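To start, the structure itself, in structure tokens.
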Amino acid sequence: VHVVASGVDVTDQRAAHEALEESERRNRLLVENLHEGLWLIDADAVTTFVNERMAEMLGYTTAEMLGRPLFDFMDETGIAVAGRNIERRKQGITEDHEFELIAKDGTRVYTIMQASPITDRAGNYQGSLAGVLDIGERRRQEASLQRAHDELEERVAERTAELRTALEELRGLKDRVEEENVLLREQVRRSRSTSAIVC
């Protein structure tokens, strides 16, 4: 018989929702286009987010890494170090450190991580966020430079030894020439002596 209706203007709410979606889209685009990996773990060290770069670095897909403990990607030494580092995050400490991770194919990936704690409003530890940079190429270059340096040092040492030997030979030759010079002078002096002249 009657229809009662009420209307509420949701234009502002809809605009805010659209702005939030746009902001999320831009942030996701930004995160996925970083040159470094991003790795988020919860308070139990379980992976809750990785960007594409992080997954590629280890040879996984993001889906394969989600829900897995951080320690699944480390050897025993790395697990011990990571455990100590997580304790430091719980104390609110942000720091950079070099770290070895194990890729899906078993190879080692040398990284530098900047790890920061994530806390709730009350300051309780909720997990950690790490920016991860693959430094394997840098380490290979450093190793190559070190090998070149070592080879150069070895050549310098060999050349120095050769020069010392040559210097010793020259000193020996100089001494011999001086001795012969003294003998020749003595012979010349004797040959000029007037006592040997017969008149």
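Separation of segment 85-108 from segment 45-78 is 11 Å, based on Cα centroids. What you get for segment 62-169, charging only the Cβ of Lys and Arg (+1) and of Asp and Glu (-1), is a dipole of about 740 debye around the Cα centre. For the chain, the solvent-accessible area works out to 75 Å² per residue, with a probe of 1.4 Å and every protein chain left in place. In this structure, the amide hydrogen of N51, modeled 1.01 Å from its nitrogen in the peptide plane, lies closer than 5 angstrom to those of L38, counting only residues at least 5 positions away or on a different chain. Magnitude of the charge dipole for the chain, about its Cα centre and with charges confined to Cβ atoms of Lys, Arg (+1) and Asp, Glu (-1), is about 1160 debye. Residues in segment 112-124 carry Karplus couplings, in order, of 10, 10, 10, 9, 10, x, 10, 10, 7, 4, 7, x, 7 Hz; the curve used is 6.51 cos²θ - 1.76 cosθ + 1.60 with θ = phi - 60°, and Gly or Pro positions show x. Between the entries (i) 20.7; (ii) 24.0; (iii) 19.5, the label attached to Kirkwood radius over Cα pairs in Å calculated for this structure is (ii).
Calculate what fraction, in whole %, of the accessible area of segment 2-155 sits on carbon and sulfur atoms when a 1.4 Å probe is rolled over the protein chains. Carbon-and-sulfur percentage of accessible area, whole number: 51.
The values are calculated or read from the model by the stated rules, or taken from the named source; none is laboratory data. Computed from a predicted structure; not experimentally measured. All Cβ positions, even for glycine, are placed from backbone atoms using ideal geometry, and neighbour counts span all protein chains on display. The accessibility values were calculated without ligands, DNA or RNA, using every heavy atom of the protein model including side chains. Shrake-Rupley method; radii C 1.70, N 1.55, O 1.52, S 1.80 Å.
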